[in-house]
Amino acid sequence: IEDTVNELIDLNLKPLIIGGEHSASIGAINALSKKYENLTVVHFDAHRDLAFEFIGEKYSHAAVMRRAHEAGVDLVQIGIRSSSYEEEEFVKSTYNIQTFKINDVHKHMDAIEYYLINIDGPIYISIDMDVIDPAIAPSVGNPTPGGLFISEVETLLKTLSNKNIVGFDVVETASDRLGDNTAVVAAKLIYDFLTLIE
Ligand SMILES: [Mn+2]
């Protein structure tokens, strides 16, 4: 994925990655973090994905943002409602991970919008479909109740519309049949993204 994203960058194209396992994001983030030294990853997810490794695998969906952090990016995590003690300790030990948990989205949307508007430099957006409430998008690897509405994600994406968005992914869609609502929601978020970029 990193090689392919590098080819797209060379052609002056913006990568849009569709998954599948969240580890798909790290190839794109590796490529873009080498091109842009001040990359910020805006990460929508129910989970932090900051495990050092998961069942012995460093390139697991549960470790993808740990690898991104190692690549030197600033992280903004939005919609978090499940994490481990290890992950929380890791966040406390570093300076460049900003967290907006699910209650922040419900109660402090203005603060999140203000934060996003003031991000300097290029932005990569990663959306794990499990950030959406499983009542709306049930077909994901790790369904986690108490999630976001589509409109809340769209409000925050719109906030980024004047930013330098250099790449985007929607991952963890695990639909098993045509017409599955999770895939429809994922397609809508991709469409939303396409309206944001020049
Ligand atoms: Mn997740």
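The values are calculated or read from the model by the stated rules, or taken from the named source; none is laboratory data. All values reported here derive from a predicted model rather than from experimental measurement. Glycine also receives a Cβ, built like all others from the backbone with ideal geometry; neighbour counts cover every protein chain displayed. Protein only, heavy atoms only, side chains kept; ligands, DNA and RNA dropped before computing areas. Shrake-Rupley method; radii C 1.70, N 1.55, O 1.52, S 1.80 Å.
Of note:
- Of I132, I165, all but one fail to be buried (at least 18 other Cβ atoms within 10 Å of the Cβ) and more than 15 Å from the ligand (Cβ to nearest atom); the exception is I165.
- Selection count, the range 62-82, where residues are within 20 Å of A111 (Cβ to Cβ) and open to solvent by 20 Å² or more (accessible area, probe 1.4 Å): 2
Per-residue answers, yes or no, for (1) in contact with a helix residue (DSSP H, G or I) (Cβ under 8 Å, 6 or more places away or on another chain); (2) of a type in the set (K, R); (3) within 16 Å of the ligand (Cβ to nearest atom):
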position	(1), (2), (3)
L13	no, no, no
I18	yes, no, yes
S23	yes, no, yes
V42	yes, no, yes
A62	no, no, yes
Y115	no, no, no
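- Filtered residues of the range 1-35 (kept if within 21 Å of L194 (Cβ to Cβ) and among the acidic types (D, E)): E7
- Tallying residues that are within 12 Å of the ligand (Cβ to nearest atom), open to solvent by 30 Å² or more (accessible area, probe 1.4 Å) and over 15 Å from R81 (Cα atoms) within the range 135-160 yields 1.
- Residue count, the range 1-34 (criterion: part of a loop (DSSP other than H, G, I, E, B), in contact with a Leu (Cβ under 8 Å, 6 or more places away or on another chain) and open to solvent by less than 20 Å² (accessible area, probe 1.4 Å)): 1
- G79 meets the stated requirement of being touching a residue at least 24 places away in the same chain (Cβ under 8 Å) and within 16 Å of the ligand (Cβ to nearest atom).
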